[in-house]
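The structure appears below as structure tokens.
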Amino acid sequence: MTDTPIKTRREGGILEVTIDRPKANAIDLITSRIMGKIFQDFRDDDTLRVAIITGSGPKFFCPGWDLKAAAAGDAVDGDYGVGGFGGMQELRDLNKPIIAAINGICCGGGLEIALSTDLILAADHATFALPEIRSGTVADAASIKLPKRIPYHIAMDMLLTGRWLDAQEAHRWGFVNEILPADKLMERAWELARLLESGPPLVYAAIKEVVREAEGNKFQDTMNKITRRQLKTVDVLYGSEDNLEGARAFAEKRDPVWKGR
């Protein structure tokens with residue numbers, strides 16, 4: 001459909017999701033709910049292995065919350081859909097890799113969406129900020145996540161002043177993995193997605209659950225859950241064909257064939 005604010009494209013086990021709301025790709029309640037359904041379906045489809053999220057056009061990835069929609073009645077605490085704002089931040093058991101391809105301005109809730117992904121690629125002209133302070137609100141998800149991802153004082157600088165970072169500084173502080181020329185951004189995103197598509201999905205799922213579990217727990221508590229197979233994804237992995245396949249492929253000096261079971 002041409003009038004949907006979110007475009008999707010599938011190739012094999014890869015799903016590309018594009019925010020397409022001219023002029024700036026801002027997200028209102030309806031768009032957020034659509035995104036939630038897309039990422040819920042992505043999570044639940046065993047034939048999909050990895051997703052890419054990007055924005056349409058050369059200028060904006062996403063500036064976050066649509067303030068014009070808010071002025072027209074969208075409540076900031078309204079129904080964002082199954083995955084919370086942007087469809088993935090609060091989506092439970094989203095245990096597949098997601099790549100953000102930042103093609104331009106990435107700020108506010110747009111940066112919070114990027115922080116919800118696993119790998120962030122940025123065009124060399126991309127910029128990043130948390131300008132909520134200037135509109136009298138709090139960047140809630142970023143206030144939780146960013147100080148855990150980059151040095152505390154840099155995160156607080158962004159949160160308290162709303163200042164902008166270029167792609168080079170974002171890379172220097174470690175929340176951007178790679179910087180690409182704009183015309184190479186999606187090519188690299190798909191190259192990386194194909195690499196992940198070829199990897200072991202049950203291992204990816206276990207990695208993501210372990211990382212989430214470890215965020216709020218002591219090291220030994222999380223290790224105990226792993227060794228006792230108290231995490232669902234770890235239990236599935238340790239009893240899987242893929243777990244045996246990895247060992248067999250190593251012993252037989254061949255590439256493993258992952259089946260996701």
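The values are calculated or read from the model by the stated rules, or taken from the named source; none is laboratory data. Computed from a predicted model, the values in this text were never measured in an experiment. So basically every Cβ, Gly included, is an ideal-geometry build from the backbone, and we count neighbours across all protein chains shown. Quick note on the areas: whole protein, heavy atoms, side chains included, nothing else; ligands and nucleic acids left out. Shrake-Rupley method; radii C 1.70, N 1.55, O 1.52, S 1.80 Å.
Key figures for this structure:
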read-out: Residues satisfying the stated conditions in segment 108-128, i.e. in contact with a Cys (Cβ under 8 Å, 6 or more places away or on another chain) and open to solvent by 10 Å² or more (accessible area, probe 1.4 Å); value: THR127
read-out: Only listed residue being among the hydrophobic types (A, V, I, L, M, F, W, C), over 28 Å from THR54 (Cα atoms) and either open to solvent by less than 60 Å² (accessible area, probe 1.4 Å) or at pLDDT 95 or above (or both), chosen from LEU192, LEU180, LEU237; value: LEU237
read-out: Residue check, GLU169 among the charged types (D, E, K, R), closer than 17 Å to ILE99 by Cβ and outside any loop (DSSP other than H, G, I, E, B); value: no
read-out: Segment 148-177 - residue that is within 16 Å of the chain's Cα centre (by Cα) and open to solvent by 60 Å² or more (accessible area, probe 1.4 Å) and, of those, farthest from GLU132 (Cα to Cα); value: ASN177
read-out: Verdict on ASP74 being in a loop (DSSP other than H, G, I, E, B), touching a residue at least 12 places away in the same chain (Cβ under 8 Å) and in contact with a strand residue (DSSP E or B) (Cβ under 9 Å, 6 or more places away or on another chain); value: yes
read-out: Qualifying residue in segment 42-50 (condition: within 15 Å of GLY86 (Cα to Cα) and not in a strand (DSSP E or B)); value: yes
read-out: Hits in segment 217-228 (condition: part of a loop (DSSP other than H, G, I, E, B), open to solvent by 70 Å² or more (accessible area, probe 1.4 Å) and either among the small types (Gly, Ala, Ser) or more than 19 Å from GLY239 (Cβ to Cβ) (or both)); value: LYS218
read-out: Residue match in segment 129-143 (condition: modelled with pLDDT of 95 or more and of a type in the set (Lys, Arg)); value: no
read-out: Cβ pairs under 9 Å, 6+ apart, first in segment 207-234 and more than 26 Å from GLY260 (Cβ to Cβ), second assigned to a helix (DSSP H, G or I) and basic (Lys, Arg); value: ASN217/LYS225
